[in-house]
Structure formats: structure tokens, C-alpha cells
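The values are calculated or read from the model by the stated rules, or taken from the named source; none is laboratory data. The structure displayed is predicted, hence computed values, not measured ones. Virtual Cβ from ideal backbone geometry, glycine too; neighbours counted across all protein chains shown. What goes into the accessible areas is simple: the full protein's heavy atoms, side chains included, and nothing from ligands, DNA or RNA. Shrake-Rupley method; radii C 1.70, N 1.55, O 1.52, S 1.80 Å.
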Amino acid sequence: MAQLDRVLRSNIKLRHLQLLVVLDQFRHLGHTAEFLAVSQPAVSRMLGEIESMLGQSLFLRSTRGTEPTPAGAAMVRFARSALAQYERTRDEIGAVESGAAGRVRVGAMGVALSPLLADAVDMLKQRSPRATVLVETGDLTNLLPKLRLGEIDLFVGRLEPGYASPDLTTEVLYAEPMVAVVAAGHPLARRRAPKWAQIAAMPCVMPPPWASLRVKLEQQFHRYGVQPPEDIIESWSYHAISVFVRRRGAVGFMAQSAAREFEQAGALAVLRLAVELDLPGVGIIAMRDVAPTTVAMQLMQGLRQAAVSRRRPAR
């Protein structure tokens, strides 16, 4: 254990960490060498150096490529976290030297992307025009690991109770209902009261099967005595929903505020259909023991201000 501690504190260099991350990404020595612009023997030699220092085999080599061992997977997680912290510190110092306001990395679900995050970024840019905002979209399953590794500074989206954890802080901003949408000009858009049976008979764009929202939508169909649709496309992406709703004449489901923006742009129409789901509120998740940078704090303040105009009692 003492040797391992010494290696991690003193012997491991940034180039070693970068190699581990790239090798884990490509799972192939040749592709890793090509990406790093070095020879394959150089990659093998550097990996051997790391394994010798640790006294552990980190990747299993075969004709099909490489696969991390349990120790290798642990080292890759360490490497990703250390490199993310390095980049964060580099950006902060660089911002001070250049007079810029810094850089903040946000993981956002579609429900929070627009107008909430867009409004908050507008506020940040009014205050600090040279601040940089990196936005990565996705859901909790792929964004929370990035938050824990330090690859993003905060998450904005629905605060699913199942993801609560002592290492995270959560802040509910407002409740956001869900609505059903169709293409502008779709026959259902002219109906005063579309029926769930009509929706079930049509193509639908639904959340992925592992999402709690998918389960709640299927329960809504059963509540009205009909089976969920069989002709479905699965996606979290509001852009994908918009595309397939328009191309296939499908029904999609999205946050009310985002749907209203699509409707105002003439791309979609919101159905007069009560989508009565018990949904978690929209809010912010951050790491409890990681102090946010100045620009991250400014963006969070902008999110709070942007939420005031659309806040509703959270369920």
C-alpha cells in the first residue's frame, strides 16, 4: 500500500494518465498510438512503465485489442478525475491571466436546456461576456458519472429521487409539467380533447425503457384503459423528438416550456391532452465537497433567477 501511495503521489505523470484514458477509449494499442501521434512500441513501453511502477497488470492484451483489468479500470477512473481537475485549474489560472471570466462545464437534460439554461447563460454573458460555457446534453445516467469525475461542474435537469447521494447537493428550482406534441398542422392538433386511445394507435417517440419517465407514461396509457403504443422510437433528445414527430406524423412528449418554444417557432403543436404525471422538479446537482468556481457560481445564480419566472409548486 505504501508503494502504491508513493507512485500515485509522486511517480505518475500527466502523460501516463492521458495514455490510460485514451487506451481505455480505443481499447487498441495501434489506435491509441495513432491518436497520440507516437509509435505503437512507445505506447507499449509507457504502459509497461506504469504497470511496473504499480506492480499491477492494468490492461489485458490480445489480438482483438486491450481490456482493462479491475486495477486498470480503477486507474482509468483516477486518471479521468485527475485530468479533469488539471483542466479545471488550468482554465481558472488562464482566465485570470487573460482577464477572462473563466469557463464552466454544464451537464443538461433537454428539460432544462431551453429556456432555463439559455436564459441563465444570457445573464452570465451580460455580466461576463468572455466567460465560456461548455454544455453537454444527456440524462442522469451518463452525466452524473462525469460530475463525480470532475468532467462537468454541475448538472441541470430533473432531480430523480433515486439518484440522491451523500456526495451530492441538490437544489429544486421549479416544477415542470410534460405535454404531448405533434407536427404543426397535424389533425390531432385541431381536436379540443384528443383521447389516449388515439395516441396509442399512432407512432410515438418515447423515453428509453430504463427511464422512470417511460414507466410513468406507460402507466398513463393503462390508466385510460389502453395499451401503450407499439410503433415507437426511443430517445431523450428533444431534437430527435422534433425530427421524428414531423417526419413520421408521430406523437412525442417533452417539457411544457420547451414544447411552447417549438410551438412559437411553428415547428410543433402542443396537444390539448392532460399528461398527468407525478414528475420530480427541475434543479441543480453539484458535488458536495467541491467548491464551485466563480463563473460556476455566477451561472448557478443565473439559473435561480431564470427559474423565478417559471416557478410552480414542486410536487
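So here's what we get for this one:
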| item | result |
| --- | --- |
| Dipole axis of region 119-232 (+1 Lys, Arg; -1 Asp, Glu on Cβ), positive-most option in Ala211, Ile199, Leu168 | Ile199 |
| 31 Å Cα-Cα threshold exceeded, pairs from Lys125/Lys216; Lys146/Lys216; Lys13/Lys125 | Lys125/Lys216; Lys13/Lys125 |
| Region 46-140 shape via C-alpha gyration tensor axes, a/c threshold 1.5 | oblate |
| Net charge over other residues, Cβ less than 14 angstrom from the Cβ of Leu29 (K, R count +1; D, E count -1) | 0 |
| Distant-in-sequence amide H partners of Leu273 (H built 1.01 Å from N, under 5 Å) | Ala180 |
| Cβ crowding within 10 Å averaged over residues, with 34-40, 12-18 ranked highest first | 12-18, 34-40 |
| Highest to lowest packing among 275-283, 297-305, scored as the average C-beta count within 10 Å | 297-305, 275-283 |
| Accessible area of the chain belonging to carbon and sulfur atoms, whole % at 1.4 Å probe | 53 |
| Charged-residue dipole, Cβ positions (Lys, Arg, Asp, Glu), region 35-174 about Cα centre, Debye nearest 20 | 300 |
| Charge dipole magnitude, Cβ of K and R +1, D and E -1 - the chain, Cα centre, debye nearest 20 | 600 |
| Peptide ranges 159-165, 171-177 listed from the most packed, as the mean C-beta count within 10 angstrom indicates | 171-177, 159-165 |
| Rounded to 5, the percent of DSSP beta bridges in the chain classed as antiparallel | 60 |
| Residues with amide H under 5 Å from that of Leu268, placed H, sequence gap 5 or more | Ala184, Glu263 |
| Student exercise, region 108-155 dipole from Lys, Arg, Asp, Glu Cβ charges, in Debye to nearest 20 | 180 |
| In order through region 146-161: 3J(HN,Hα) via Karplus (6.51 cos²θ - 1.76 cosθ + 1.60), integer Hz, x for Gly, Pro | 5, 5, 5, 7, x, 7, 10, 8, 7, 10, 10, x, 6, 8, 4, x |
